[in-house]
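What follows is a structure written as C-alpha cells; I'll ask about it next.
The values are calculated or read from the model by the stated rules, or taken from the named source; none is laboratory data. Predicted model, so just to flag it, every value in this text is computed and none were measured. Every residue, glycine as well, gets a Cβ built from its backbone with ideal geometry; the counts of neighbours run over all protein chains shown. Just the protein is used for accessible areas: all its heavy atoms, side chains included, with ligands, DNA and RNA removed. Shrake-Rupley method; radii C 1.70, N 1.55, O 1.52, S 1.80 Å.
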Amino acid sequence: PPPSTPLALTPSQLAHFRGIRPKNANSPTLPPAAASLPPKTLLIAVLGSIFDVTSGARHYGPGQPYHVLTGRDATVALATGRLGAEAAGGGNLTRAQERTVRGWREF
C-alpha cells in the first residue's frame, strides 16, 4: 500500500500475505485496504509498521531465503539475524538490537 495508507492487520490477517494461498479455506476478514491487494502480495511487519516487500520477491517469495519473514512480525529476526521461524514474532530487544532494526525500517 502507498505510504499515505497505513495498514493495520492482526497477526492472523498478516499471515494471509505470504505470497501463497492460506492453508485453510477460512481466510481472515481483511480490512478494505488489505483486501484490495493482489493475491501474491508479500508483507512483513517491523516495529509495528507493515511493509510491502513484493518487489523483492526474489528474496522474500516462496522458496527464497527471507520467505520465513513474510506474513509475520519480522522485528526480532531482523534485529538478531536469526531467520528461523522461531525468531519471527515479538520479543524483548537490547538497545543495540533496537538500533539495528530501526536502521532496517528506515532503509
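Helices (runs of 4 or more DSSP H) wholly in segment 1-98 with at least 2 residues that are at pLDDT 80 or above and open to solvent by 70 Å² or more (accessible area, probe 1.4 Å) - which ones?
In segment 1-98, the matching helices (runs of 4 or more DSSP H) lie at 11-14, 57-60.
Which residue pairs have Cβ atoms closer than 7 Å, lie 6 or more positions apart in sequence or on different chains, and pair a first residue in segment 30-47 that is farther than 18 Å from Asp73 by Cβ and of a type in the set (Ser, Thr, Tyr) with a second residue that is at pLDDT 85 or above and surrounded by fewer than 19 Cβ atoms within 10 Å (Cβ to Cβ)?
Partner pairs satisfying both residue conditions: none exist.
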